[in-house]
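Asks: Take this structure, written in structure tokens, and hold onto it; I'll ask about it next.
Derivation of every value follows stated rules applied to the coordinates shown; laboratory data play no part. What you see is a predicted model; the values in this text were computed from it and never measured. When we count neighbours, we look across all protein chains shown, and the Cβ atoms used for this are built from the backbone with ideal geometry, even at glycine.
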Amino acid sequence: MSELKSGHRVLTCINCPLGCTLDVEIADGEVVRVTGNTCKRGEVYGRKEVTNPTRIVTSSVFVSGSSTGARTVSCKTASDVPKDKIFDVIDAVRGVTVPCPVHIGDVIVPDAAGCGVDVIATKEVF
Amino acid sequence: MIYDLIVIGGGPAGLAAASAAHDAGSREILVLERDERLGGILNQCIHNGFGLHTFKEELTGPEYAQRYIDILTGKGIEYKTDTMVLDISSDKDTLIKTVTAVSGSDGLTVYSAYAVVLAMGCRERSRGALNIPGYRPAGIFSAGTAQRLVNIEGYLPGRRVVILGSGDIGLIMARRMTLEGAKVLACAELMPYSGGLKRNIVQCLDDFGIPLLLSHTVTEIRGKERVTGVVISEVGEDRKPIPGTERFYECDTLLLSVGLLPENELSKELGTEISPVTGGPVVSESFETSVPGVFAAGNVLHVHDLVDFVSEEAAAAGAHAAAFAAELKDRAGAPDTELRDRGIEITFDGGPRYTVPQFINPAHVSGPVKVRFRVGSVLKNRVVKVLFDGNCVLSKKRNVMAPGEMEELLLKEELFAGNRGLKEIRISVEEESV
């Protein structure tokens, strides 16, 4: 996480099945060196993952008034959010009920958890 | 009427096959789907990561499905949901297929077609197939059932969870249930390596501090009415539990993510030859099964890691099925059996457990042939060679190959052009010489 100012972070690279164990050396909050990678992609991943790790968050929320008897609609953050905001985003969508019909791209929760990112529907529910 | 093509299953494989068959000229196409909506298992796979290859963007499962549903409806392809296919048969003289299906609205209906694409997908391996001893308490779910309960029905099936098996659905559910407030204690994997994609290990387990216990298995399930806990033991190289390594985990839920099996009851009844390794039909380069005019693609053929490759494979199968239908229609019931010779069986050594397709007829090759396979164990620093009658025609260096990640080889059409009399096609995985 970004709070680490100096030292080493050990990560598993996700770019290919090799799954290199990366050692990211950090000093004064800056990445000094990535070792353990066997290609350039590993270094890029290591740097990003230590300085600014992000994820798309997906969930589902309840719907009301579905003509097909659907109970939920799936949703996601419209773009990736900081990794440490994952649970805040989930908390922001929990308990939300949206009326049908719902279309892909409809905003379920605007600016979820103050990330500046909307949570949008990912399914057509009638 | 006789349809050009009937597609059995409206999941990712069926949708791509129907769409490609339409592109290839078929107009009378019917897709039969047993669920109430098209899209298959994608509807409950609400996580993202689908479509990077197909659409060059990361979509969730339902979004990926909708792209194909829109393509299908845009082409005016006929489909029936809530329709369960009971039987498929093929007339051995005319090669006309008969598909018997039942639905609430249409009752029992018999359809005819020149060609059929099998796209029924796969099913999860169940507890019964694992022989775990103990009572039968509530709280044991397959990972896919839990996924449906959480993502579609809106129920959380448990609060304290252990996952047996490290298949991708189990990993995805470890994250999903954690986000919904459950505590996932551990994921136990019998093998010394994970069955899931690296990306899922990192983003579903590591992100949430969930331990992955390799070479471990569940040796006891406790609880009579409801699961109260499980015992996890380490296993040796023989995959048998090591006495003294038992550890008790108090939990109310056990999820099983222990493999997927192609769903081929209909294919077997129809008489297609089934591979004992893949559990799916044996096919030629055209994805044609041993029954002429019956094609197969997607997870019914062999279990894939990525839906993008299911779509690609099914599109090829759909195009070949369309070509078959057109040819049979032209011949008005006098098929040329000569044309259906499936050719050379692909042989392999040094790692692959199987190949799909299993057969290639060089005379039938039109366009590039993708040969997909999986290895049986983790292999490092290898060279994959394709040998035509002993001559290496393609060589690919692979730093690592793992059972959890499907491999593919692209054999260009030109390779076959000068090799119509080919006798042997061999895939050889060799250690890289230093």
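Asks: Report ³J(HN,Hα) in whole Hz for each residue of the stretch B:347-356, in order, from the Karplus equation J = 6.51 cos²θ - 1.76 cosθ + 1.60 where θ = phi - 60°; Gly and Pro get x.
Replies: So the Karplus estimates, Gly and Pro as x, are 9, 7, 8, x, x, x, 8, 6, 10, 10 Hz.
Asks: Turning to a different aspect of this structure: Quote the charge dipole size of chain A about the Cα centre in Debye, to the nearest 20; the model charges only the Cβ of Lys and Arg (+1) and of Asp and Glu (-1).
Replies: 320 debye
Asks: Another question, then. Can you give the relative contact order of the stretch A:7-52 as a percent, counting alpha carbon pairs under 8 Å and 6+ residues apart?
Replies: Reported relative contact order: 33 percent.
Asks: Which whole-number percentage describes the relative contact order of the stretch A:58-121, with Cα contacts under 8 Å and a sequence gap of 6 or more?
Replies: Computed value for the stretch A:58-121: 37 percent relative contact order.
Asks: How large is ³J(HN,Hα) for each residue in the stretch B:159-166, as worked out from phi by the Karplus curve 6.51 cos²θ - 1.76 cosθ + 1.60 (θ = phi - 60°), to whole Hz, x for Gly and Pro?
Replies: Each residue of the stretch B:159-166 in turn: 10, 10, 10, 10, 10, 9, x, 10 Hz.
Asks: Take every residue in peptide A:68-80, count the Cβ atoms of other chains within 10 Å of its Cβ, and give the average of those counts.
Replies: The shielding value for this peptide is 4.
Asks: I've got another one for you. Could you tell me the relative contact order of chain B? Use alpha-carbon pairs under 8 Å, at least six residues apart, and round to a whole percent.
Replies: 16 percent
Asks: In whole Hz, with x marking every Gly and Pro, tabulate ³J(HN,Hα) for the stretch B:31-48 from phi via Karplus 6.51 cos²θ - 1.76 cosθ + 1.60, θ = phi - 60°.
Replies: Whole-Hz 3J(HN,Hα) from phi for the stretch B:31-48: 9, 10, 10, 7, 7, 7, 9, 6, x, x, 5, 4, 4, 9, 8, 7, 6, 9.
Asks: Here is a further query. Near the amide H of A:Val63, under 5 Å away, which other amide H atoms are found, from residues 5 or more places off or on another chain, if H is placed in the peptide plane?
Replies: Here A:Thr72, A:Val73, A:Val98 satisfy the definition.
Asks: Could you list the chymotrypsin sites (Phe, Trp or Tyr not before Pro) in the stretch B:72-177 that lie in coil according to DSSP, counting only those with at most 14 other Cβ atoms within 10 Å of their Cβ?
Replies: B:Tyr135, B:Tyr155
Asks: How many angstrom lie between the C-alpha centres of the stretch B:365-423 and the stretch A:43-95?
Replies: 39 Å
Asks: Then there's this: With springs only between Cα atoms under 10 Å, which of B:Val184, B:Val371, B:Val102 fluctuates most in a Gaussian network model of chain B?
Replies: Among B:Val184, B:Val371, B:Val102, the largest GNM mean-square fluctuation belongs to B:Val102.
Asks: Nearest 20 debye, what's the magnitude of the dipole of the stretch A:58-121 about its Cα centre given +1 on Lys and Arg Cβ and -1 on Asp and Glu Cβ?
Replies: Here the size comes out at about 220 debye.
Asks: For the stretch B:163-206 and the stretch B:228-264, write down the distance between their C-alpha centroids in whole Å.
Replies: Cα centroid to Cα centroid, the span is 13 Å.
Asks: Among rounded, prolate and oblate, which fits the stretch B:325-434 when a ≥ b ≥ c are the square roots of the eigenvalues of its C-alpha gyration tensor, a/c under 1.5 means rounded, and a/b larger than b/c means prolate?
Replies: Since a/c reaches 1.5 and a/b is larger than b/c, the shape of the stretch B:325-434 is classed as prolate.
Asks: From the square roots a ≥ b ≥ c of the eigenvalues of the alpha-carbon gyration tensor of the stretch A:7-52, which class results: rounded (a/c under 1.5), prolate (a/b over b/c), or oblate?
Replies: prolate
Asks: What does the charge add up to near B:Asp35, with Lys and Arg as +1, Asp and Glu as -1, over the other residues with Cβ less than 12 Å from its Cβ?
Replies: That works out to +1.
Asks: Any chance you could check the Cα centroid distance between the stretch B:271-295 and the stretch B:88-132 for me, in angstrom?
Replies: 14 Å
Asks: Same structure again: Taking B:Lys92 as the anchor, which aspartates and glutamates have their alpha carbon closer than 15 Å to its alpha carbon, excluding any fewer than eight residues away along the same chain?
Replies: B:Glu269, B:Asp336, B:Glu338
Asks: Shape of chain B from its Cα gyration tensor (a ≥ b ≥ c, root eigenvalues): rounded if a/c is under 1.5, otherwise prolate when a/b > b/c, or oblate?
Replies: Verdict is oblate for chain B.
Asks: Also, I was wondering about something else. Please identify every one of the GluC sites (Glu not before Pro) in the stretch B:252-314 that sits in a loop by DSSP and has no more than 16 other beta carbons within 10 Å of its own beta carbon.
Replies: Listed in order of number, the matching sites are B:Glu273.
Asks: On to the next question. Among residues other than A:Val109 whose Cβ falls under 12 Å from its Cβ, what is the net charge (Lys/Arg +1, Asp/Glu -1)?
Replies: Here the charged neighbours net out to -3.
Asks: Could you list, in their original order, any pairs among A:Lys76/B:Lys370; B:Lys56/B:Lys183; A:Lys85/B:Lys183; B:Lys385/B:Lys423; A:Lys123/B:Lys75 whose Cα atoms are separated by more than 23 Å?
Replies: In this structure, A:Lys76/B:Lys370; B:Lys56/B:Lys183 lie more than 23 Å apart at Cα.
Asks: Which residues' amide hydrogens lie under 5 Å from the amide hydrogen of B:Leu260, considering only partners 5 or more residues apart or on another chain, with H built in the peptide plane?
Replies: B:Arg125
Asks: What aspartates and glutamates does A:Lys5 reach when the alpha-carbon gap must be under 20 Å and sequence neighbours fewer than 8 apart in one chain are set aside?
Replies: A:Asp23, A:Glu25, A:Asp28, A:Glu30, A:Glu43, A:Glu49, A:Asp84, B:Asp207
Asks: Identify all lysines with a Cα-Cα distance to B:Lys97 below 21 Å; exclude those on the same chain that are fewer than 8 residues away in sequence.
Replies: B:Lys80, B:Lys268, B:Lys329
Asks: Ok, one more. Tell me which residues come under 5 Å, amide H to amide H, from B:Glu220 once H is placed; ignore anything under 5 positions away on its chain.
Replies: B:Val231
Asks: Please figure out what share of the DSSP beta bridges in the stretch A:58-121 is antiparallel and state it in percent, rounded to the nearest 5.
Replies: Here the share of antiparallel DSSP bridges comes out near 75 percent.
Asks: Just to confirm a number: summing +1 for Lys and Arg and -1 for Asp and Glu over residues other than B:Phe359 whose beta-carbon lies under 13 angstrom from that of B:Phe359, what do you get?
Replies: After counting each charged neighbour, the total is -4.
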